[in-house]
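See structure below.
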Amino acid sequence: MKLFLARILVVLGAFVAFAATPAMAQATRTWVSGVGDDANPCSRTAPCKTFAGAISKTASGGEINALDSGGFGAVTITKSITIRAVGLEAGILTSGTNGIVINAGATGRVLLDGLDFEGLNTSLSAISILSGQVVDVRNTTIRNYTDGITISGTPNVRLTVDNTHFSNVLVGIKSTATGGKAIVRADNSIFVTMGTAAILVDGAPNSAFISGNSFWGRQKRCKY
């Protein structure tokens with residue numbers, strides 16, 4: 001009887017350890033590198049290769065940092081997270097798709113800092129926001145997409161864009177959310193050669209506030 005109980009305890013212990021592995025594998029801070037590998041744990045000494053590889057190993061509310069310059073690829077964000085790469089070339093190169101999709105839920109908080117988006121004149125949105133409570137985009141470059149940053153669906157979201165450079169897109173920031181309230185604030189950013197408008201807001205009660213921006217070309221600054 002004792003032997004039987006001991007075997008049960010061993011099996012249960014192994015099951016608990018296995019079940020806990022995914023949660024334990026998530027860190028509050030992870031790292032990517034141009035010479036990393038997504039098979040790594042995304043630690044500072046063993047970084048991952050892509051944002052998509054790192055995000056599954058990063059806890060909700062955590063942060064992904066770039067150790068050095070590299071092309072880190074497109075990613076879908078489904079939780080609160082920070083992706084930061086200040087002072088580096090943190091590239092997201094896409095063709096025929098979106099760069100980053102944010103679907104972080106009603107209370108999701110996302111910060112993107114220091115990224116470089118290239119859409120090759122074939123891609124949709126550099127950043128597509130489907131859901132989230134707060135999205136901040138800072139120190140970022142977006143070029144050659146259909147649209148720069150889009151808000152669609154039914155989110156109640158506050159988007160803040162600061163020190164970001166848009167070039168060769170139809171619309172820099174486009175808010176077409178329905179059924180919710182999207183508030184856009186754009187500060188200290190540069191809009192060059194927009195095909196339609198620098199900022200487009202469509203549908204009540206969506207709104208936009210701008211301050212300290214520069215507009216180059218013949219596009220409309222804001223369109224409601």
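In the range 131-163, the qualifying residues are those that are outside any strand (DSSP E or B) and surrounded by fewer than 22 Cβ atoms within 10 Å (Cβ to Cβ), and the one that is modelled with the lowest pLDDT is 154. If you check residue 52 against the conditions, is it farther than 27 Å from residue 131 by Cα, at pLDDT 95 or above, surrounded by fewer than 19 Cβ atoms within 10 Å (Cβ to Cβ) and among the aliphatic types (A, V, I, L, M)? Taking the combined requirement at face value, the residue does not satisfy it.
Exactly one residue out of 107, 97 is closer than 19 Å to residue 61 by Cβ and more than 10 Å from the chain's Cα centre (by Cα): that is 107.
Within the range 113-130, can one find any residue that is buried (at least 21 other Cβ atoms within 10 Å of the Cβ) and at pLDDT below 95? No, the range 113-130 contains no residue that is buried (at least 21 other Cβ atoms within 10 Å of the Cβ) and at pLDDT below 95.
If you filter the range 164-206 down to residues that are over 21 Å from the mean Cα position of the chain (by Cα), under 13 Å from residue 143 (Cα atoms) and not hydroxyl-bearing (Ser, Thr, Tyr), you find that the one that is surrounded by the fewest Cβ atoms within 10 Å (Cβ to Cβ) is 195.
Pairs meeting the criteria (first residue in the range 207-224 and surrounded by 11 or more Cβ atoms within 10 Å (Cβ to Cβ), second residue in a loop (DSSP other than H, G, I, E, B) and modelled with pLDDT of 95 or more, beta carbons under 7 Å, at least 6 apart or on different chains) are 213/188; 213/189.
The values are calculated or read from the model by the stated rules, or taken from the named source; none is laboratory data. Model, not experiment: these values are computed from the prediction. All Cβ positions, even for glycine, are placed from backbone atoms using ideal geometry, and neighbour counts span all protein chains on display.
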